[in-house]
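S.K.: To start, I am sharing the structure in question, which I have written as structure tokens.
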Amino acid sequence: MSKAGKRLLGAAQEMRAIARGEVKPAHMHIPADVDVKAIRKNVGLSQDAFASEFCFSVNQIKDWEQNRTRPLGSNRAYLMMIERHPETVRQMLEEMRIERHDDDSERMAVGM
């Protein structure tokens, strides 16, 4: 895994630990509003493709873009990561998918 991928994975694990109350968060400014439509358009994806590629539901994307709801803390932070480093996030997600597939294949082989 690349250094950037390891850092993003570490950040995701830290966010999970914070959400579980295992670790206290460092102070980080996350803006109250994120322009989801602008982020999606800058990445060059349809609502369906953006949702699929970055693990959101299409309904979430539609609701955020139409201002029916807004992304909460961790989703806003994730969207900011996508906005600033879309290729790094894509690479990290692909590496995680490959690792998960490899883990699943190993479990299936052991279970035989």
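S.K.: With contacts defined as alpha carbon pairs under 8 Å and 6 or more residues apart, what's the relative contact order of region 3-106 in percent?
M.R.: 32 percent
S.K.: With each pseudo-label sitting 7 Å past Cα toward Cβ, what's the Arg16-Lys41 distance in nm, one decimal?
M.R.: 3.5 nm
S.K.: Taking the Cα centre of region 3-106 as origin, work out the dipole magnitude from +1 charges on Lys and Arg Cβ and -1 charges on Asp and Glu Cβ, in debye rounded to 20.
M.R.: That gives region 3-106 a dipole magnitude of about 520 debye.
S.K.: Take the Cα atoms of region 3-106, find their three principal axes, and give me the spread along each one in whole Å, biggest first.
M.R.: 42, 33, 22
Bear in mind that the values in this text are calculations on the coordinates, not laboratory data. As the structure is a prediction and not an experimental result, all values here were calculated from the model. We place every Cβ from the backbone using ideal geometry, glycine too, and count neighbours over all the protein chains shown.
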